Amino acid sequence: MIAPAEKLQDVVALRRARPEDCEAIWRWNFAADVRAQSKRAEAVAFLEHARWFARRLADGDAPIWVIEEYHHGVGVVRLDPPQHGRARISIALAAFARGRGVGRAAIAAACRSRRRPIVAEIFADNIASCACFEAC
């Protein structure tokens, strides 16, 4: 819980993903409720994810960050390689981190790092994500 005097941007931070984050990122991205709101609803085997993750870490133009709250990982945000000048943003949070502004702070930080157009693709019935991105 965030103390009254603290601001969310003071307790939520992004750090570049590292190889040891692979499993946590797989869990956040492939939680059933996250997949239900994704364009690609099917689960991905851990080994397939691990290969993708290693390739992405090697690609400096497509950052992946672990979202930390009080220095503990609570989710992941990434920018996919730009197409037509725009990167696409993707975010997944642990269930306990949702609904408290953590995602909004992470999205804002990721957007500040890019300083160029970013696009988000959200299902119209995903009210929470629509509200989060609109607030950013």
Options R86, R98, R78, R112; residue that is within 10 Å of the chain's Cα centre (by Cα) and basic (K, R): R78
Among (1) in contact with a helix residue (DSSP H, G or I) (Cβ under 7 Å, 6 or more places away or on another chain); (2) farther than 20 Å from F133 by Cα; (3) among the charged types (D, E, K, R) - the single one E69 does not satisfy: (2)
Residue identified as part of a strand (DSSP E or B) and either buried (at least 17 other Cβ atoms within 10 Å of the Cβ) or not aromatic (F, W, Y) (or both) among G99, G103, G73: G73
A54 vs. criteria more than 15 Å from the chain's Cα centre (by Cα) and more than 20 Å from V11 (Cα to Cα): yes
So A43, is it aliphatic (A, V, I, L, M), at pLDDT 95 or above, more than 16 Å from V74 (Cβ to Cβ) and more than 13 Å from the chain's Cα centre (by Cα): no
Residues satisfying the stated conditions in region 106-136, i.e. part of a loop (DSSP other than H, G, I, E, B), out of contact with any helix residue (DSSP H, G or I) (no Cβ under 9 Å at 6 or more places or on another chain) and not acidic (D, E): R115, R116, P117, N126
Unique match (being within 14 Å of V12 (Cα to Cα) and of a type in the set (A, V, I, L, M)) among V119, V66: V66
Unmet requirement for V66, which otherwise passes all of (1) touching a strand residue (DSSP E or B) at 6+ places or on another chain (Cβ under 7 Å); (2) modelled with pLDDT under 90; (3) of a type in the set (V, I, T): (2)
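Per-residue answers, yes or no, for (1) among the aliphatic types (A, V, I, L, M); (2) over 19 Å from C136 (Cβ atoms); (3) part of a loop (DSSP other than H, G, I, E, B):
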residue: R56; (1), (2), (3): no, yes, no
residue: E68; (1), (2), (3): no, no, no
residue: V77; (1), (2), (3): yes, no, no
residue: S90; (1), (2), (3): no, no, no
Residue tally, condition within 13 Å of the chain's Cα centre (by Cα), in contact (Cβ under 8 Å) with a residue 12 or more places away in the chain and over 15 Å from V74 (Cβ atoms), over region 27-40: 1
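The values are calculated or read from the model by the stated rules, or taken from the named source; none is laboratory data. From a predicted model like this one, the values you see are computed outputs, not experimental measurements. Methodologically, a virtual Cβ is constructed for each residue, glycine included, from the backbone with ideal geometry; neighbour enumeration extends over all protein chains shown.
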